[in-house]
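The values are calculated or read from the model by the stated rules, or taken from the named source; none is laboratory data. Quick caveat, the model's predicted, so the values are computed rather than measured. In this analysis, Cβ positions are derived from the backbone assuming ideal geometry, glycine residues included, and neighbour counts consider all displayed protein chains.
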Amino acid sequence: MIEIAGKPVRPESLSGVPDSGLEKQILAAMAADSTAFRYGTQAELLFELSLRAQTVAAARELDRSGMRFATFRRSKCNPAFWNRTNEGGFRLKPGASPSAAILDIYRNGRSYATECATAMVIVYYRALLAVFGEQKFNRVFPRIELMNWHHLDRLLREIGLMNRFSLYLPGDRRYFANPDVDPVTPELQGENVIEMGGGLYYGHDIGIRTADQIIKALNQSRIEDADDSAYLMDSAGRPDFGKLYRAFQQN
Amino acid sequence: MTPGTYRPIGPLERLRRTGGTGMLKNRFAGMLRRRKSDAVRMLNDEGLSFGTLYALRPEIEKAGIAGELSEKNRAALEICGKIAQDPKLLASGGIDYGDQTVHSAFLWMFQTGARDDGLGEAYDEALDLCASVLLRRYRETAILPELVDLIFRRNRKRGYLHDLIWAFFESRDPGALRYIAKYLRSENARDTELACLLLHLPRAGSSMREKANLYRSYLNWLDENKPFLYFTGESLQSSNQPEICGVDLGAKYLCKNISPRSRRPADPLTQQEQESLSCFARTKEPDRAILSSYSRRLHDKDPARWEQWIHSPVEKQIETAKGETGRRAL
């Protein structure tokens, strides 16, 4: 169910929804769900649809970027834009352009290697860059640190918080847990993914796959006496679209 | 090494502690030139620590004396070699985990090596991996207090912590949460912040009195809920505020211990317990919390009255629990 300014709205009555399939699919799913998706204005709803679609696009693009997988201890970044921290995260260099630094990851993917959680944060920054545009993005995100769910910008804090929802939508961040992982590969204790729609998920290094394929891949890294299979957790990290929309409006 | 265990300090160990790694390497190289057998004997000395063996790896390799070392030292060097190349080489089949020497080597590496955390990135990675192997494969829960101290020391240095923290929770030992809890009353703000994060508590106040109160109330909470705690699957890899341990309210209501790993009851439920649990599951969420807390306290205080209460209709149970909780009868 969708409500704008307290009134129920039918998807077909909305103007300005792009014809591309994904936004319409998301809108239809929201309308069909019993949970109310509430917005102050139509523009706010369109902002969320756009950011969700751009998140999916950014995930596809990162999958093709050539960025490799590495544990935090062995992570790698382009020193022209980023300083590598003691924890293995990447901190934007003083004076570097935030938008150029994010785009460099996509253009020079081979110069970067990191874990799946950091890849998710990169995807969200790339999507925000597409929606905000370069100048606004640089104003809103002057300091960026890429290190899984920690040291997140306050505007992105919610992507690191897992909550249950009645409906999961493209652009949500999900998690496959692997409880019986082999202890020598703690990096495979789970896989952070972006929900892509159509039953597909993007995970860094694992690619764009179905849930079964991801579970099968994780199960291959279990300890010999494993009892439990990997599984998709019934929760998601979901951006606070309202907060991001206000930042978009105010800058 | 359990606290208070005496471990002798060998000659090479003493050399590194007094003169540093540079002096150790120089003197060791001299020893190798003059009398190789003395160098080998010192490496095999009981008082050698993992940090010293690790520091001398290049010299040992160059001198070709690895074959003359003790089984434990050889196993430790093999483990280090594989970690340096690719830790995946230690996955199933990469090393014989059933070999007692391998087990002892992992234990020795962690117990004598933790104090030298920070010796280098590869060294710290080896410590992390030892901790996870010891806890997940060998169930060596005796290392937990030392592991927690290592986590908090490294946190102060702003080093990479997540694998150590993951290893700690792989023990699936709710009782070990008390080792973390002691840092709630630390004077160091980074300690209390991390302890709150790991125990899923709101950030502690800054005064020592507030910290002491939080510590006490957490221990009371742990005492009340420990038999009913289970591991949720959340971790720092999945969330920035993970709830790593949760309370199974149904188990607490029935006062039945559960397995923290599987969340299954330690003993199978009787027919009557299953029926009670079904009624409990149909109550509203806030009522479930009240019922489980009341049940746990009544069970401890007056088992005979608890027997009567748990077999009364659930609506009556709620009424009693709310009434008595309000009057602080329990």
Original post:
How many residues are closer than 27 Å to B:ASP163 by Cβ, more than 13 Å from chain A (Cβ to nearest Cβ) and surrounded by fewer than 21 Cβ atoms within 10 Å (Cβ to Cβ) if we restrict to the stretch B:226-246?
Top reply: 1
Original post:
Of the conditions (1) at pLDDT 95 or above; (2) farther than 23 Å from B:THR141 by Cα; (3) within 14 Å of another protein chain (Cβ to nearest Cβ), B:ILE165 fails just one. Which one is it?
Top reply: (2)
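Please work out which residue is nearest to the chain's Cα centre (by Cα), limiting yourself to the stretch B:168-183 and to residues that are within 14 Å of chain A (Cβ to nearest Cβ) and part of a helix (DSSP H, G or I).
Within the stretch B:168-183, the subset within 14 Å of chain A (Cβ to nearest Cβ) is B:168-172.
Then keep just the ones that are part of a helix (DSSP H, G or I); that gives B:168-170.
Numbers: B:PHE168: 3, B:PHE169: 5, B:GLU170: 7 Å.
Per the criteria, the residue is B:PHE168.
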**OP:** Would you mention how many residues in the stretch B:122-162 are at the interface with chain A (Cβ under 9 Å from one of its Cβ atoms) and acidic (Asp, Glu)?
**Re:** 3
**OP:** Check off (1) surrounded by fewer than 18 Cβ atoms within 10 Å (Cβ to Cβ); (2) touching a strand residue (DSSP E or B) at 6+ places or on another chain (Cβ under 9 Å) for B:ALA122 and give me the number that stays unchecked.
**Re:** (2)
Original post:
Can you find a residue in the stretch A:217-227 that is facing chain B (nearest Cβ under 10 Å), β-branched (Val, Ile, Thr) and in contact with an Asp or Glu (Cβ under 7 Å, 6 or more places away or on another chain)?
Top reply: yes
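Looking at the stretch B:91-106, can you tell me whether even one residue there is part of a helix (DSSP H, G or I) and modelled with pLDDT under 95? Spell out how you get there, then give the answer.
Filtering the stretch B:91-106 down to residues part of a helix (DSSP H, G or I) leaves B:100-106.
Checking which are modelled with pLDDT under 95 leaves us with none.
Taking every residue of the stretch B:91-106 in turn, none turns out to be part of a helix (DSSP H, G or I) and modelled with pLDDT under 95.
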Original post:
Taking the stretch B:176-199 as the region of interest, how many residues are surrounded by fewer than 18 Cβ atoms within 10 Å (Cβ to Cβ) and under 15 Å from B:LEU161 (Cα atoms)?
Top reply: 2
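Picking from B:LEU201, B:LEU164, B:LEU197, which residue would you name as being within 16 Å of B:LEU236 (Cα to Cα) and outside any helix (DSSP H, G or I)? Full working, then the answer.
Numbers: B:LEU164 fails: outside any helix (DSSP H, G or I); B:LEU197 fails: outside any helix (DSSP H, G or I).
From the options B:LEU201, B:LEU164, B:LEU197, the qualifying one is B:LEU201.
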**OP:** Please specify each residue of the stretch B:205-262 satisfying the condition of being modelled with pLDDT under 95, more than 22 Å from the chain's Cα centre (by Cα) and part of a loop (DSSP other than H, G, I, E, B).
**Re:** B:GLY205, B:SER206, B:SER207
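Would you mind stating whether B:SER186 is within 14 Å of chain A (Cβ to nearest Cβ), over 25 Å from B:SER293 (Cβ atoms) and in contact (Cβ under 8 Å) with a residue 12 or more places away in the chain?
Working: within 14 Å of chain A (Cβ to nearest Cβ): no; over 25 Å from B:SER293 (Cβ atoms): yes; in contact (Cβ under 8 Å) with a residue 12 or more places away in the chain: yes.
No: the conditions fail for B:SER186.
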**OP:** Report, by residue number, each residue of the stretch A:6-34 that is surrounded by 11 or more Cβ atoms within 10 Å (Cβ to Cβ) and assigned to a loop (DSSP other than H, G, I, E, B).
**Re:** A:LEU14, A:VAL17, A:PRO18, A:SER20, A:ASP33
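Tell me, which residue of the stretch A:69-86 that is within 14 Å of chain B (Cβ to nearest Cβ) and in contact with a Lys or Arg (Cβ under 7 Å, 6 or more places away or on another chain) is nearest to A:ASP205 (Cα to Cα)?
Applying the first criterion (within 14 Å of chain B (Cβ to nearest Cβ)) to the stretch A:69-86 yields A:69-76, A:83-86.
Then keep just the ones that are in contact with a Lys or Arg (Cβ under 7 Å, 6 or more places away or on another chain); that gives A:70, A:75, A:83, A:85-86.
On the way: A:ALA70: 9, A:SER75: 14, A:ASN83: 23, A:THR85: 22, A:ASN86: 23 Å.
Of everything passing the filter in the stretch A:69-86, A:ALA70 is nearest to A:ASP205 (Cα to Cα).
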